[in-house]
Every structure is written in structure tokens, then in C-alpha cells.
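Q: Sharing a structure, written as C-alpha cells. Questions coming.
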Amino acid sequence: MSTQASTPSPSSHRRRRRVLRPLPLAAAGLLVATGVYALPQLTPGASAATTLRGYADARGVRIGTAVGDSALTSDSSYTAVLDREFNSVTAENAMKWDAVEPTRGGFDWAAADRLVAHAAAHKQGVRGHTLVWYSQLPSWLRNGDFSATQLNSILKSHIDTEVGRYKGRVYAWDVVNEAFNDDGSMRSSLWQTKLGTGYIANALKWAHAADPAARLYINDYNIEADNAKSDALYALAKQLLAQGVPLNGIGFQSHFVVGKLPSTMKANLKRFSDLGLEVSVTELDVRIPLPASAAELAQQSKDYKTASENCLGVPRCAGVTVWGITDKYSWVPSTFTGYGAALPFDERYTAKPAYTGLSKGLDPKA
């Protein structure tokens with residue numbers, strides 16, 4: 001597909017588990033089948049119109065970012081930009097299984113609680129990420145050799161506990177993350193191998209029971225274009241809705257290489273929206289070969305504008321989330337050798353042309 005080289009491989013996604021260190025400076029209601037829904041906790045005009053948050057508030061949508069616990073707790077410049085520019089936050093790692101349940105039945109909520117508390121104090125929504133994923137599983141689960149019955153019980157208990165803990169405080173969950181291979185087949189994983197594809201419907205049902213107001217998503221990468229992978233996800237989504245499974249939305253991760261956004265992205269998002277589903281860009285970044293030239297930074301600005309417009313130009317687009325604030329903490333350089341400069345702010349928290357592009361994509365008057 002046209003964006004194949006622009007999106008992360010499954011192995012690269014695993015690398016999000018590490019605590020990111022600063023780079024050198026050089027370097028909520030259920031969406032029903034009718035598609036009627038309302039965005040909670042948003043007040044039009046609630047923030048300065050010239051910020052990303054201001055534009056999103058004026059439009060009644062989310063502008064979010066992934067948040068790392070280390071930066072949240074140690075970098076005042078980071079939190080200043082976070083609170084000024086974003087009305088939604090996603091836990092970068094703090095809500096993943098290995099972080100919250102490192103031992104069976106033993107939970108560590110410290111980092112996740114910090115993010116939820118910070119968001120509440122700054123009137124930001126929280127997007128939960130992620131409940132069921134093939135990666136970042138603790139060793140007790142990964143190596144446990146559980147029977148299907150045992151694994152099913154473990155999965156339900158984990159979802160019940162985590163979603164229940166944040167009931168009413170998390171507006172959406174990436175319930176199932178990266179369930180497909182690029183050819184449209186189901187990814188081989190602990191869940192798929194032991195439980196079959198039915199684990200997806202069960203996970204959605206259990207999450208809905210734990211918090212009926214939260215929006216429930218399937219989230220994946222390389223699905224932005226009309227291709228085999230997005231076709232398979234579309235077929236599954238249609239099937240789940242026909243069965244009455246509480247699926248509310250699809251998350252399009254949108255990890256791109258500069259200048260390589262798929263031309264079919266908007267039409268592809270629309271076909272999911274036409275099913276009555278929310279669509280959201282959930283992990284947007286646009287990486288550039290280093291060192292980034294002025295021309296590439298200008299193109300990156302256009303790409304941010306186009307990506308956000310591709311979503312916001314579709315009915316039921318709930319918003320756009322970027323996978324980080326600043327190049328200082330970006331996952332890109334450590335995952336894609338020779339690439340970086342992927343985010344709207346540079347290492348010194350100076351807004352890049354990408355910030356302007358994203359602003360224009362969000363601005364309802366643009």
C-alpha cells in the first residue's frame with residue numbers, strides 16, 4: 001500500500017514500553033446504530049482560540065496527545081504546553097497491561113492515576129490505551145501457558161478491574177489494539193491463538209459492562225488507506241455491529257512519513273463513519289529523514305493539516321491525537337533509524353511549521 005513504509009512495524013510498537021529520555025538538542029454515551037452521539041466535557045470557546053485546544057474547543061472535538069509519565073512528573077515546560085494546547089490525553093504506557101498488572105492480581109495504578117488526576121485538574125478528557133494488545137504483556141501472562149478458560153477469565157477480570165477503576169473518568173478506550181496483519185489476516189497472538197477472534201467481541205462487551213458511558217474502539221495502524229487490512233477491519237466492524245456488540249469507533253493510528261499520506265484516507269474513514277461509527281486519528285506523527293530540511297518541514301506542515309482535515313471532514317470524527325508533544329521525547333528516532341522531527345514542537349518547545357498546519361486543520365474558520 002502507499003503508506004506501508006510510513007507506518008510502524010509490530011516490533012517497533014513494542015519499543016513504546018521503555019521510558020523515553022530527552023534527546024540531545026541537536027539530534028460519554030454509547031454510540032448507537034443511528035450514529036447519534038455527543039462529546040462530553042467540552043465547552044465551546046473554553047480556551048484561547050489561537051491554541052490547538054482553542055480551535056478544537058470551538059469545533060467541539062478532541063485534540064489530544066500521548067503523555068509519558070516521566071515527562072509529566074519532571075518537566076514543567078512539558079506540562080505547560082500540554083495544558084495549554086490539548087483538551088485530551090492518552091496514556092503512552094501507563095495503562096498497558098505490563099504497567100498496571102505486573103503480577104497476576106497485583107495492580108500498580110500510580111502512573112495511570114497521576115495522568116487521570118492531572119487531566120481532571122486541567123479539564124482534559126482521558127483516552128484509555130490499551131486493554132487487549134499482543135505486546136507489552138507481563139511475563140506471568142505471556143509465559144503462563146493458561147488454558148482457554150483460564151485466559152478468558154483473566155482477560156475479563158483485567159478489563160473489569162481497569163475500566164471499572166476509571167469509570168466516568170475515561171471517555172474512550174482503545175479496547176483492542178492491532179489485531180490484524182497487513183494482509184488482512186488475524187494477527188497471531190496470545191489472544192487469537194487461545195481464544196479465537198471471539199475475544200474481540202467479548203472484550204468490547206466486558207468493557208461496556210464495566211463503564212456503559214465510555215466509547216469503545218478498535219485501534220490499528222496501516223488502516224488509513226483503502227487496503228486489505230482496512231477491508232478486513234471494516235468487515236469485522238460491520239459484523240460486530242450486526243451482532244449488537246458495543247463497538248463505538250475505529251482508531252486510525254496515522255504514523256506517517258513526510259509527504260506520504262495515503263490519497264484514499266478521507267474516503268476510507270468515511271466508509272467506517274457511514275457504518276455509524278466514530279472515527280478518530282489516535283497516534284498521529286509525521287517523521288522526517290534527519291537532518292530535516294526547510295522544504296521537508298513545510299511539507300510536514302501540509303501533512304498535519306491534511307491528516308486532521310481528512311478526519312474532521314468526515315461525519316462522526318471525534319478528534320485527532322498526536323503521539324507526543326515534542327521531539328524531545330518522541331519514540332521515532334529510537335525506532336526508525338535516521339528519522340525524527342516528527343511532532344509539532346521541537347526539543348526546545350518551539351512550535352514548528354507542523355503546529356501551524358495542525359492549527360489550520362483544526363480551525364473551523366480555515
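Q: If you take just the strands (runs of 3 or more DSSP E) that sit entirely in the stretch 236-339, which of them hold at least 1 residues that are closer than 25 Å to Ser185 by Cβ and out of contact with any helix residue (DSSP H, G or I) (no Cβ under 8 Å at 6 or more places or on another chain)?
A: Answer list for the stretch 236-339: 249-252, 278-289.
Q: State all residues of the stretch 239-268 that are under 15 Å from the mean Cα position of the chain (by Cα) and either at pLDDT below 95 or over 24 Å from Phe336 (Cβ atoms) (or both); if no residue qualifies, say none. If you could, list the steps in order and put the result at the bottom.
A: First, the residues of the stretch 239-268 that are under 15 Å from the mean Cα position of the chain (by Cα): 248-256.
Result: Asn248, Gly249, Ile250.
Q: Can you name every residue in the stretch 108-159 that is exposed (fewer than 13 other Cβ atoms within 10 Å of the Cβ) and closer than 19 Å to Asp174 by Cα?
A: None; the set is empty.
Q: Separate question: Please work out which residue is nearest to Lys302 (Cα to Cα), limiting yourself to the stretch 340-359 and to residues that are within 21 Å of the chain's Cα centre (by Cα) and outside any loop (DSSP other than H, G, I, E, B).
A: Gly357
Q: Test Val170 against the stated conditions and say whether it is farther than 24 Å from Gln239 by Cα, among the hydrophobic types (A, V, I, L, M, F, W, C) and buried (at least 19 other Cβ atoms within 10 Å of the Cβ). Please lay out each step first, then the result.
A: Numbers: farther than 24 Å from Gln239 by Cα: yes; among the hydrophobic types (A, V, I, L, M, F, W, C): yes; buried (at least 19 other Cβ atoms within 10 Å of the Cβ): yes.
Yes, satisfied.
Q: Working only within the stretch 98-107, note down all residues that are surrounded by 14 or more Cβ atoms within 10 Å (Cβ to Cβ) and either among the β-branched types (Val, Ile, Thr) or within 22 Å of the chain's Cα centre (by Cα) (or both).
A: Asp98, Ala99, Val100, Glu101
Each row is one residue, and each column tells you yes or no for (1) out of contact with any Pro (no Cβ under 9 Å at 6 or more places or on another chain); (2) assigned to a helix (DSSP H, G or I); (3) more than 19 Å from Ala201 (Cα to Cα).
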{"position": "Arg84", "(1), (2), (3)": "yes, yes, yes"}
{"position": "Val89", "(1), (2), (3)": "yes, no, yes"}
{"position": "Lys123", "(1), (2), (3)": "yes, no, yes"}
{"position": "Leu137", "(1), (2), (3)": "yes, no, yes"}
{"position": "Leu151", "(1), (2), (3)": "yes, yes, no"}
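Q: If you go through the stretch 66-96 one residue at a time, how many are touching a His at 6+ places or on another chain (Cβ under 7 Å) and not β-branched (Val, Ile, Thr)?
A: Result for the stretch 66-96: 4.
Q: Which of the residues belonging to the stretch 135-164 are within 25 Å of the chain's Cα centre (by Cα) and of a type in the set (Gly, Ala, Ser)?
A: Within the stretch 135-164, Ser135, Ser139, Ser157, Gly164 meet the criteria.
Q: Tell me which residues, restricted to the stretch 330-366, are surrounded by fewer than 18 Cβ atoms within 10 Å (Cβ to Cβ) and closer than 17 Å to Ser77 by Cα.
A: Those that are surrounded by fewer than 18 Cβ atoms within 10 Å (Cβ to Cβ) and closer than 17 Å to Ser77 by Cα: Arg348, Tyr349, Thr350, Ala351.
Q: Let me ask you something else. Looking at the stretch 135-153, can you tell me whether even one residue there is basic (Lys, Arg) and within 19 Å of Tyr217 (Cα to Cα)? Before you say what the answer is, go through the steps one by one.
A: Within the stretch 135-153, the first condition is being basic (Lys, Arg), and the residues that meet it are 142.
If we keep only those that are within 19 Å of Tyr217 (Cα to Cα) too, we end up with none.
No, because not a single residue in the stretch 135-153 is basic (Lys, Arg) and within 19 Å of Tyr217 (Cα to Cα).
The values are calculated or read from the model by the stated rules, or taken from the named source; none is laboratory data. What you are looking at is a predicted structure, and each value in this text was computed from that prediction instead of being measured. Note: ideal-geometry Cβ built from the backbone for every residue, glycine included; neighbour counts use all protein chains shown.
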